[in-house]
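Right, one structure below, let's go through it.
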Ligand code: GDP
Ligand code: FO1
Ligand code: CA
């Protein structure tokens, strides 16, 4: 599975209960491999932060703030207030005390020379997410957004656009900087090639799944497999977040049909849309409708089961 943050992590909970996982057996032969998006990554206060990897790790490992969908449960913000008291910038990004420990471990291991994939594995030794979580690449890729306002036309980090401006500054372009020179992390292409099928959870098609697919080699490897996706768009809006602003930036309409067309029939074999979008037709893609709100564990598991069943049917 390719995964962003919240949409990917929540879907994975359902998928885990449908498929089981390596955890509990010998742990070395997991049945679900997750290729995580690292385009949202940012370095602040000298710390390397990987929001989407952490969201998957905390969600599956039982450490997530459930209401918020990202960050640690029962978080406190002493470090944040102390940094602010020193006048440290930026102050628009909230780093929690518990979360900071993760970033310190990650940053220290990276400085010691370990690649991000090895660091992620080490962090997962604590959280035991029950899936194999691999970053899309070990190289630095950071999504930037070209915006234009009173301060002029400039590129800002995706997190500044998303968190500080709540994606309200119109984006002229969204660019995964560094992606063209990046290579898939060890195990990524091997996992895709060995997979029975590939699933796209209801993750952001532009800055989550789109960024992973932009790493040279990944799109072709995925296209060679049976691929089933779950629409993050229901009706004409994202279920959560500002994915519509990302889609507008790349000239794609916010609808389940337009997102499937954007991925294209070369990539997608099957596409699940919500019952609200029943009747959606996309040339070359098998579209099925069913309820797509991950409102509780049973509903989420039923969505994952439908995705797996469709993948097995189309294989
Ligand atoms: P992020 O990295 O935290 O933004 O998370 P992802 O990229 O993995 O997923 C974000 C997408 O998940 C958003 O576009 C939402 O529309 C979608 N999403 C969130 N909850 C649901 C849900 O219950 N059902 C569906 N179909 N999509 C959802
Ligand atoms: N999202 C916010 O809206 N505000 C924050 O202050 C914030 C801090 C943060 C810290 C660690 C982390 O892993 C995620 C965090 N997020 C925050 C979520 C994050 O910005 C995103 O929603 C994404 O990267 C988009 O997927
Ligand atoms: Ca993300």
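The values are calculated or read from the model by the stated rules, or taken from the named source; none is laboratory data. If you're wondering where the values come from, they're calculated on a predicted model, not measured in any experiment. Cβ atoms come from the backbone with ideal geometry, glycine included; neighbour counts cover every protein chain shown.
Wholly within the stretch 144-250, which helices (runs of 4 or more DSSP H) include no fewer than the required count, namely at least 2 residues that are under 24 Å from residue 19 (Cα atoms) and more than 16 Å from ligand 1 (Cβ to nearest atom)?
Per the criteria, 188-194, 218-223.
All but one of (1) without any contact (Cβ under 8 Å) to a residue 12 or more places away in the chain; (2) surrounded by fewer than 16 Cβ atoms within 10 Å (Cβ to Cβ) hold for residue 114; state the number of the condition that does not hold.
(2)
Return yes when residue 128 is surrounded by fewer than 22 Cβ atoms within 10 Å (Cβ to Cβ) and over 14 Å from residue 56 (Cβ atoms) and no when it is not.
no
Condition test on residue 288, is it modelled with pLDDT of 95 or more and outside any helix (DSSP H, G or I)?
yes
Mind telling me which of the residues 8, 87, 14 ends up being buried (at least 21 other Cβ atoms within 10 Å of the Cβ) and more than 16 Å from ligand 3 (Cβ to nearest atom)?
14
Only one of (1) crowded, with 24+ Cβ neighbours inside 10 Å; (2) under 13 Å from residue 271 (Cα atoms) fails for residue 206. Which number is that?
Residue 206 satisfies every listed condition except (2).
Condition first: more than 28 Å from residue 62 (Cα to Cα) and at pLDDT 95 or above. Can you find one or more residues in the stretch 95-105 that meet it?
no
Which numbered condition trips up residue 260, out of (1) free of Cβ contacts under 8 Å to residues at least 60 places away in the same chain; (2) part of a loop (DSSP other than H, G, I, E, B)?
(2)
Give the residue that is surrounded by the most Cβ atoms within 10 Å (Cβ to Cβ), with candidates limited to residues of the stretch 209-262 that are within 16 Å of ligand 3 (Cβ to nearest atom) and over 17 Å from the mean Cα position of the chain (by Cα).
This residue is 249.
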